[in-house]
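The block underneath contains the structure these notes are about, expressed in structure tokens.
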Amino acid sequence: MSIATSQQLTKYYETFRAISVTYTKEVVKSTGLQPQNVFLKCLGEQWPCVVYSSSFESAKILAPNRSTLMERIQKANNLVSVRLSFKLSDTADPMLFYISGKVNGFSPYAQSNGTLQFISIQFTQRPPDDFVEIMGRMLEANVASTRRSDDRILLTPDAIRKIGLARKESTIIIDGVPRRCIMRDLSFSGAKLIIMGLAKFLVGKSCKLHIDLEDPRETIVVPGIVIRYEDVEGRKDLTAIAVRYDDATIPMSYKMHLNDFLGQKKNQTDDEPTTVAAPQTPKD
């Protein structure tokens, strides 16, 4: 994770402070949250819990429905703290911190047969900068994926390194058949690839683009559809194809890597070369 400036942290906090994020599997994976290391602390004692959702102002957790916990919360005048743990790819140890708050509501969790309950907590302090950066980075990427959906990033060696790609070479599975390809450019909404052979009959076919990352070492799979093809000048054995992603299934990790790169380009001085091309409208 890059180190955000105080100005960027303030922007994250002010822009997204009231937006509540539900911790789906995708959010847990992209933020590095360690669910097994989340606890509710009250009067020096800790109870394991599940963070269901949070913003920069509040959180909703799933905790044991025990009389000892309820007594502790009452004795503490509803003052508690939530311990969160995140494991980031560029850190050896988990990142741990507490956020203080005040309980302002309880509700039963019907599927637990009375053993669990939801506890709503209003934070009494601004969360630590690390939490603001982790969640703000994800939220900003989600906004950018809509606002800058068609901005194309040309995959120069410098762009590959800054995005964190392992290589330009990849694999795309089209209509169930894997094909080797070279990624020419990427955007939030799609990609342009070079493949071997003819591609006329691939247009309209569903596909899954596999993108290898350098750190963390993982492969992002992005579903989409082939929307057009064109010849590669001077190479009859190669064809360029354009892929339009399925917006509903674009992995959050993909959005965050592209947004981090675009953020770096935004901070460059005007006299430095850019690798972000003007958006193009896909042809039918």
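The values are calculated or read from the model by the stated rules, or taken from the named source; none is laboratory data. Predicted model only: the values in this text are computed from it and were never measured. Neighbour counts run over all protein chains shown; Cβ positions are idealised from the backbone, glycine included.
Side notes on the structure shown:
- Any chance I119 is part of a strand (DSSP E or B) and assigned by TED's automatic domain parsing to the domain that holds S187: no
- Residue in segment 46-57 that is touching a strand residue (DSSP E or B) at 6+ places or on another chain (Cβ under 6 Å), surrounded by 13 or more Cβ atoms within 10 Å (Cβ to Cβ), of a type in the set (F, W, Y) and in the same structural domain as S112 (by TED's automatic domain parsing) present: yes
- Where helices (runs of 4 or more DSSP H) sit wholly within segment 1-104, those with at least 2 residues that are under 28 Å from N259 (Cα atoms) occupy 6-16, 25-31.
- Among all positions in segment 59-70, there is at least one residue which is touching a residue at least 40 places away in the same chain (Cβ under 8 Å) and either charged (D, E, K, R) or touching a Lys or Arg at 6+ places or on another chain (Cβ under 6 Å) (or both).
- The residues of segment 195-226 that are over 24 Å from the mean Cα position of the chain (by Cα), touching a residue at least 40 places away in the same chain (Cβ under 8 Å) and surrounded by fewer than 17 Cβ atoms within 10 Å (Cβ to Cβ), listed by number, are M196, G197, L198.
- Looking across segment 28-45, the residues that are surrounded by fewer than 16 Cβ atoms within 10 Å (Cβ to Cβ) and in contact (Cβ under 8 Å) with a residue 60 or more places away in the chain come down to K29, Q34.
- Residue satisfying all of: in segment 90-102; under 21 Å from the mean Cα position of the chain (by Cα) and under 15 Å from M135 (Cα atoms); surrounded by the most Cβ atoms within 10 Å (Cβ to Cβ) among these: M95
- Applying the criterion of being in contact with a helix residue (DSSP H, G or I) (Cβ under 9 Å, 6 or more places away or on another chain) and assigned to a strand (DSSP E or B) to the residues of segment 145-174, the residue that is nearest to K208 (Cα to Cα) is I174.
- Filter pass, T124 being polar (S, T, N, Q) and over 30 Å from F86 (Cβ atoms): no
- Selection status of V80, more than 30 Å from E214 (Cα to Cα) and buried (at least 16 other Cβ atoms within 10 Å of the Cβ): yes
- Scanning segment 201-237 for residues that are within 16 Å of M183 (Cα to Cα) and either aliphatic (A, V, I, L, M) or not in a strand (DSSP E or B) (or both) returns L209, I211, L213, E214, I220, V221, V222, I225, V226, I227, V232.
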